[in-house]
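Below you'll find the structure, written out as structure tokens, and then a few comments.
The values are calculated or read from the model by the stated rules, or taken from the named source; none is laboratory data. Since this is a predicted model, take the numbers as computed values, not measurements. Neighbour counts run over all protein chains shown; Cβ positions are idealised from the backbone, glycine included. Note: accessible area is taken over every heavy atom of the protein model, side chains too, but ligands, DNA and RNA are not part of it. Shrake-Rupley method; radii C 1.70, N 1.55, O 1.52, S 1.80 Å.
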Amino acid sequence: VEPGGIVSLVGTSGCGKSTLLRIVAGLEKPSTGAVRVSGVEVVSPSRDVGLVFQEPRLLPWMSVRQNVRLALHDLPRGEQDPLIDAVLEKVGLGHFADVWPHQLSGGMAQRAAIARALVRRPNLLLLDEPFSALDSFTRQQLQEHLIQLWEDGGFTMVFVTHDIEEAVALSDRIVVLRGQPGRVVGDHRIALPRPRGRSTPEFLALKDTIIGQLRLV
């Protein structure tokens, strides 16, 4: 994965996409082989790697600010608040820092989860189908917002998704997996300019190619 790029992993259910992401995050150990981030082998979770799950996983008894603060527990309190305020502004939740998770819409809750993953300014952001539970309008809004955050922050992203259109819209590169255990059946580099028109011939042709590699038709 090239520094500063966006790589999406797409594949059939059960092929190991989420497991691979958890290995990169240091949450699971590989049975064979190794993963290296910036040349260092991953053996445990790192502060330099942020992770966003499919569900926001916000603690309901904590405010948005307190949930984001969890990622900064080892920093002095005086250093925490400026970082929290800055990241909440970036994700569009600057006025919602003190509300409870149940007061947030699904899209807002996922923005809070992204803020928690980004507050330490990681070099690598891992996302495991973060928008799959959202309606199509909110999902596209957050996809566009995520690209803005990536352009501003300059971090690297590895994105797991079942949504092929989402992968083509977001990625510099798409790795296609199929089977159990999963095997790479496609590796596509995307040079389409952003923002990407989702009805252009180039966009639709790539989408159809990936559908064919997954044997969904």
Q. Out of all the residues in the range 153-184, which are within 21 Å of Glu2 (Cα to Cα), open to solvent by 10 Å² or more (accessible area, probe 1.4 Å), modelled with pLDDT of 90 or more and not β-branched (Val, Ile, Thr)?
A. Phe155, Ala169, Asp172, Arg173, Leu177, Arg183
(Q) Just checking: which of the helices (runs of 4 or more DSSP H) contained wholly in the range 38-157 hold 1 or more residues that are in contact with a Phe, Trp or Tyr (Cβ under 6 Å, 6 or more places away or on another chain) and closer than 23 Å to Arg22 by Cβ? (A) 136-153
Q) In the range 193-211, is there at least one residue being open to solvent by less than 40 Å² (accessible area, probe 1.4 Å), in contact with a strand residue (DSSP E or B) (Cβ under 9 Å, 6 or more places away or on another chain) and in contact (Cβ under 8 Å) with a residue 40 or more places away in the chain? A) yes
Q: Being without any contact (Cβ under 8 Å) to a residue 24 or more places away in the chain, open to solvent by 40 Å² or more (accessible area, probe 1.4 Å) and under 24 Å from His162 (Cα atoms) is the filter here, so list the residues in the range 30-66 that pass it.
A: Pro30
Q. Across the range 128-138, which residue is surrounded by the most Cβ atoms within 10 Å (Cβ to Cβ) among those that are touching a Gly at 6+ places or on another chain (Cβ under 9 Å) and under 30 Å from Val35 (Cα atoms)?
A. Phe131
Q.
For the range 182-217, give me each residue that is among the charged types (D, E, K, R) and closer than 19 Å to Val160 by Cβ.
A. Arg183, Asp187, Arg189, Lys207
Q: May I ask you to say which residue of Gly154, Gly179, Gly197, Gly186 is more than 15 Å from the chain's Cα centre (by Cα) and on the phi > 0 side of the Ramachandran plot?
A: Gly179
Q: State the number of residues belonging to the range 86-96 that are over 19 Å from Val52 (Cα atoms) and within 23 Å of the chain's Cα centre (by Cα).
A: 2
Q) Any residue in the range 134-147 that is without any contact (Cβ under 8 Å) to a residue 60 or more places away in the chain and in contact with a Ser or Thr (Cβ under 7 Å, 6 or more places away or on another chain)? A) no
Q. All but one of (1) in contact (Cβ under 8 Å) with a residue 12 or more places away in the chain; (2) open to solvent by 50 Å² or more (accessible area, probe 1.4 Å) hold for Arg69; which doesn't?
A. (2)
Q. Quick check: anything in the range 171-190 part of a strand (DSSP E or B), over 14 Å from Gly11 (Cβ atoms) and either free of Cβ contacts under 8 Å to residues at least 24 places away in the same chain or not aromatic (Phe, Trp, Tyr) (or both)?
A. yes
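For the range 190-217, name all the residues that are touching a Ser or Thr at 6+ places or on another chain (Cβ under 9 Å) and under 27 Å from His145 (Cα atoms). Write out each step before concluding.
Within the range 190-217, the first condition is being touching a Ser or Thr at 6+ places or on another chain (Cβ under 9 Å), and the residues that meet it are 190, 192, 214-216.
Matches in the range 190-217: Ile190, Leu192.
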